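Structure first, then comments.
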Amino acid sequence: MGEVHHLPRRRKPACPICGKPAVEKNRPFCSPRCHQVDLGRWLGDTYRIPTDDVPEEAELAAALTARDSDS
Ligand SMILES: [Zn+2]
């Protein structure tokens, strides 16, 4: 019946490696393999922390600062 709306909202996390839907037991990855890939990236020092968030945060901070100084 319509009980779905009653459940807590739940995102479907995507595997950061391949973008497939993550599997519960392998979260946040879709498989042990992707987990290994991620580990390998870290250990191999080829993994770069995604910088996509940084500009966003900077923008947010700037926006907050602007709002603060505005009021
Ligand atoms: Zn994956």
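Bear in mind these aren't lab numbers, they're just calculated from the coordinates by the rules spelled out. Source: prediction; values computed, not measured.
For the range 21-27, backbone phi angles converted through the Karplus equation (6.51, -1.76, 1.60; θ = phi - 60°) give residue-by-residue couplings of x, 5, 9, 3, 6, 10, 3 Hz, Gly and Pro being listed as x. Subtracting the Cα-Cα distance of residue 65 and residue 42 from 0.36 nm times their residue separation leaves 4.9 nm of extension gain. Amide hydrogen proximity for residue 14: with H placed 1.01 Å from N in the peptide plane, the residues at 5 or more positions away or on another chain lying under 5 Å are 22.
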